[in-house]
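Structure first, commentary second.
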Amino acid sequence: MSQRALDRLKERFGDAVLETSSFRGDETAVVDASRWKEIAEFCRADGQMQFDMLVDLCAVDYPDRLPRLEVVVHLYSIAKRHRLRLKARVGDEDAEGAEIDTLTDVWSGANWFERETFDMFGVKFKGHPDLRRILLYPEFEGHPLLKSYPADKTQPLIPYRTEAEAGVPVDKLAPFRADEGMSFGRKAWSTEKDES
């Protein structure tokens with residue numbers, strides 16, 4: 001049935017479906033990023049498709065390709081019991097300008113997935129109701145799942161919020177002991193016992 005979903009997309013959207021592939025029941029359509037939302041709405045509303053469940057939304061970084069990023073959504077139809085993967089390519093060689101329409105008003109479950117994709121890759125979802133970091137703190141610089149992100153990058157340290165700032169009791173312990181944490185706080189670990 002998933003192959004019929006690909007055929008239906010090609011029939012309905014023509015040139016907006018840039019490529020398709022089918023391997024062992026894993027059907028994929030790469031679509032024009034400017035028609036991303038329209039195609040997603042069709043996948044949900046069409047009686048022959050009925051993709052009522054958004055399973056996942058993520059991104060993939062291809063630094064040697066333009067557009068560099070691929071936004072990927074995995075869909076499932078509970079009634080029809082078929083799956084479909086939609087992809088759209090966005091961003092320049094530095095992953096800048098990676099922007100695509102939000103799917104939160106098509107599937108409300110896209111909300112956190114889009115926030116995570118924004119946080120980790122820097123993809124901006126136009127029309128998202130609350131697009132801000134979800135896993136990292138607001139002062140974090142860069143997007144750590146981009147392959148160009150330096151593995152040894154040191155992030156700015158920020159102070160704990162006070163209880164007045166947080167609005168709730170803050171009963172926090174320091175996140176690391178003196179010998180734990182990032183490289184700027186790490187100390188050499190010795191297995192020898194102090195004989196003093």
Counting only residues in segment 143-177 that are modelled with pLDDT under 65 and not hydrophobic (A, V, I, L, M, F, W, C), the one farthest from ALA95 (Cα to Cα) is identified as ASP171
Fill in: Test for LEU18: is it aliphatic (A, V, I, L, M) and not in a strand (DSSP E or B)
no
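Okay, residues lined up against (1) part of a helix (DSSP H, G or I); (2) surrounded by 12 or more Cβ atoms within 10 Å (Cβ to Cβ); (3) in contact with a helix residue (DSSP H, G or I) (Cβ under 6 Å, 6 or more places away or on another chain); (4) free of Cβ contacts under 8 Å to residues at least 24 places away in the same chain:
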{"site": "TRP107", "(1), (2), (3), (4)": "no, yes, no, no"}
{"site": "GLU114", "(1), (2), (3), (4)": "yes, yes, no, no"}
{"site": "HIS128", "(1), (2), (3), (4)": "no, yes, yes, no"}
{"site": "PHE140", "(1), (2), (3), (4)": "no, yes, no, yes"}
{"site": "HIS143", "(1), (2), (3), (4)": "no, yes, yes, no"}
{"site": "LYS153", "(1), (2), (3), (4)": "no, no, no, yes"}
{"site": "PRO159", "(1), (2), (3), (4)": "no, no, no, yes"}
One residue is enough: does segment 23-42 have a residue meeting the conditions assigned to a loop (DSSP other than H, G, I, E, B), over 20 Å from THR102 (Cβ atoms) and either of a type in the set (Gly, Ala, Ser) or in contact (Cβ under 8 Å) with a residue 24 or more places away in the chain (or both)?
yes
Scan segment 56-69 and tell me whether some residue there is touching a residue at least 40 places away in the same chain (Cβ under 8 Å) and closer than 14 Å to ASP101 by Cβ.
yes
Picked from segment 45-73 (must be assigned to a strand (DSSP E or B) and surrounded by fewer than 17 Cβ atoms within 10 Å (Cβ to Cβ)), the residue farthest from the chain's Cα centre (by Cα) is MET53
Taking segment 5-44 and the residues there that are under 22 Å from ALA110 (Cα atoms) and acidic (Asp, Glu), the one that is surrounded by the most Cβ atoms within 10 Å (Cβ to Cβ) would be GLU27
* In this structure, does ALA45 turn out to be small (Gly, Ala, Ser) and within 28 Å of ARG8 (Cα to Cα)? -> yes
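The values are calculated or read from the model by the stated rules, or taken from the named source; none is laboratory data. Keep in mind the model is a prediction, meaning the values are calculated, not measured. Here the Cβ is made from the backbone with ideal geometry for all residues, glycine too, and neighbour counts use every protein chain on show.
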